[in-house]
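Visitor: My questions will all concern the structure given below.
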Amino acid sequence: MPSYTVESSTVEAPDGVNLRTRIFRPKQVTKDNKNMAIVLVHPYSIMGGCQDLMQGIASGLANKGYPAVTFDMRGVGRSTGKPSLTGFAEVADVVAVCNWVSQIISSHKILLLGSSAGAPIAGSAVDQLEQVVGYVSLGYPFGMMASILFGRHHNAILQSPKPKLFVMGTRDGFTSVNQLNNKLKSAAGRTEKHLIQGVSHFEMEGPDYDAAMVNCILEFIASL
């Protein structure tokens, strides 16, 4: 039996777009929770990204006593609006959901997590939200080709003073280990990386690695 419940709701973004959300709410909050909730931002909408891809990690976090929230960005699933090519419209979606989470869940702190293209989108929202105290990236697309779409997001997270963790497979097809290392050299504040040996970008997004992602996230939370 899962040790959490799932609730669905709708959040309205400032431009009137309605975003479909799910709260994975633990039945018992762990003592190590630090009054924290985790908001998860799914991969690129235009390539089929949706909140269902984040369900495994969200449920794993809820099983460990942390409220976790997933949502469909604009134009995905039952959310209204249209997705944008470069993800800048979706930053407003992240901000709206985080503000809603602060009101609906009795958590004063939020860890913001983005997967694949959701990582630059989430990263651009970090310093817009006082309640966000940390950031986790799963497979940030720093590579040259991906930067054509998402390069303008890079500085927002790299210049943020908030603690951040970058998790990546060493066989990631969008970003090489050298590209990741070079980018992180310019990062402000506390910046950590965790490499998963021999794993590709889409393998890491798959359910086989959900438990490993949960463990990385929990270790990072414990250090905040």
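The values are calculated or read from the model by the stated rules, or taken from the named source; none is laboratory data. This one's a predicted model, so the numbers in the text were calculated from it and none came from an experiment. In this analysis, Cβ positions are derived from the backbone assuming ideal geometry, glycine residues included, and neighbour counts consider all displayed protein chains. Side chains included, ligands, DNA and RNA excluded: accessible areas come from the protein's heavy atoms. Shrake-Rupley method; radii C 1.70, N 1.55, O 1.52, S 1.80 Å.
Visitor: Could you pull out which residues in the range 4-42 have an amide N less than 13 Å from a spot 7 Å beyond the Cα of Glu130, following the Cα-Cβ vector?
Guide: From the range 4-42, the list is empty.
Visitor: A follow-up question, please. Percent of Cα-Cα pairs more than 16 Å apart in the range 1-105, please. Could you put the intermediate results ahead of the total?
Guide: On the way: 2945 of 5460 pairs.
Counting pairs separated by more than 16 Å, the tail of P(r) holds 54 percent.
Visitor: Still on this structure, I have one more. Quick one: Cα centre-to-centre distance for the range 147-224 and the range 1-42, in angstrom?
Guide: If we compute the Cα centre of each part, the gap is 22 Å.
Visitor: Which value in deg cm²/dmol, rounded to the nearest 500, describes the helix-derived mean residue ellipticity at 222 nm for the chain, given -39,500 (n - 2.57) per DSSP H run of n ≥ 4 and division by the residue count? Walk me through the numbers on the way to the answer.
Guide: Working: 8 runs with 73 residues, N = 224.
Taking each H run of at least 4 residues, the total per residue is -9000 deg cm²/dmol.
Visitor: Turning to a different aspect of this structure: Roughly what percent of Cα-Cα pairs across the range 115-182 reach past 13 Å? Before the final figure, lay out each step's value.
Guide: Values: 1362 of 2278 pairs.
Beyond 13 Å sits 60 percent of the P(r) for the range 115-182.
Visitor: Need the list of lysines near Lys64 for cross-linking: C-alpha distance under 29 angstrom, and skip anything on the same chain fewer than eight residues off.
Guide: Straight-distance partners of Lys64: Lys27, Lys31, Lys34, Lys109, Lys162, Lys164, Lys193.
Visitor: Further, regarding this structure: From the square roots a ≥ b ≥ c of the eigenvalues of the alpha-carbon gyration tensor of the chain, which class results: rounded (a/c under 1.5), prolate (a/b over b/c), or oblate? Walk me through the numbers before you get to the answer.
Guide: Working: a/c = 1.42, a/b = 1.17, b/c = 1.21.
Here the chain falls in the rounded category.
Visitor: Just by accessible area at a 1.4 angstrom probe, what is the order of Lys64, Lys183 from largest to smallest?
Guide: Details: Lys64 110, Lys183 65 Å².
Sorted descending by solvent-accessible area, the residues read Lys64, Lys183.
Visitor: Now for a separate question. After finding the eigenvalues of the alpha carbon gyration tensor for the range 97-224, what semi-axes result from the square roots of 5 times each, listed largest first in whole Å?
Guide: Values: eigenvalues 103, 59, 35 Å².
With the √(5λ) rule applied to the range 97-224, the semi-axes are 23, 17, 13 Å.
Visitor: Right, another one. Can you tell which of Tyr44, Thr21, Asn63 lies farthest toward the positive end of the dipole of the range 1-146, using +1 and -1 charges on the Cβ of basic and acidic side chains (Lys, Arg; Asp, Glu)?
Guide: Positive-most Cα among the choices belongs to Asn63.
Visitor: For the chain, what is the relative contact order in percent, using Cα pairs closer than 8 Å and at least 6 residues apart in sequence?
Guide: After rounding, I find 17 percent.
Visitor: Relative contact order of the range 1-121, please, whole-number percent, based on alpha carbon pairs below 8 angstrom and at least 6 residues apart.
Guide: Working: 261 pairs, mean separation 38.7, N = 121.
That works out to 32 percent.
Visitor: Between beta-carbons, use under 15 Å as the cut-off and find the net charge around Thr86, counting Lys and Arg +1, Asp and Glu -1. Provide the component values of the computation, followed by the final result.
Guide: Working: positive: Arg74, Lys82, Arg152; negative: Glu90, Asp93.
For residues surrounding Thr86, the net value is +1.
Visitor: Net charge within 12 Å of Ala96 by Cβ-Cβ distance, Lys/Arg positive one each and Asp/Glu negative one each, not counting Ala96 itself?
Guide: Details: positive: Arg74; negative: Glu12, Asp15, Glu90, Asp93.
Summing Lys/Arg as +1 and Asp/Glu as -1 gives -3.
Visitor: With a 1.4 Å probe and every protein chain left in place, tell me how much accessible area Leu85 has, in Å² to the nearest 10.
Guide: 110 Å²
Visitor: May I pose another question? Using 0.36 nm per residue, how much length does the chain from Ser176 to Lys193 gain when fully extended, once their Cα-Cα distance is taken away? Write out the running numbers ahead of the final one.
Guide: On the way: separation 17, 0.36 × 17 = 6.12 nm, distance 1.32 nm.
Here the segment from Ser176 to Lys193 would lengthen by 4.8 nm.
Visitor: If you don't mind, there's one more thing I want to ask. So the label point goes 7 Å from the Cα of Asp32 along Cα→C-beta, right? Which residues of the range 196-224 then have their backbone N under 16 Å from it?
Guide: Flagged as within label range: 211-224.
Visitor: Treating only the Cβ atoms of Lys and Arg (+1) and Asp and Glu (-1) as charged, compute the dipole magnitude of the chain about its Cα centre; round to the nearest 20 debye.
Guide: With only Lys, Arg, Asp and Glu charged at Cβ, the dipole is about 360 debye.
Visitor: Turning to a different aspect of this structure: Counting only other residues whose beta carbon sits under 9 Å from that of His201, what net charge do I get with K and R as +1, D and E as -1?
Guide: Details: positive: Arg171; negative: Asp172, Glu203, Glu205.
Net of charged neighbours comes to -2.
Visitor: From zero up to wherever the largest Cα-Cα distance of the range 1-47 sits, split into 10 Å bins and tell me the percent of pairs in each.
Guide: Histogramming the range 1-47 at 10 Å steps yields 19, 41, 29, 11 percent.
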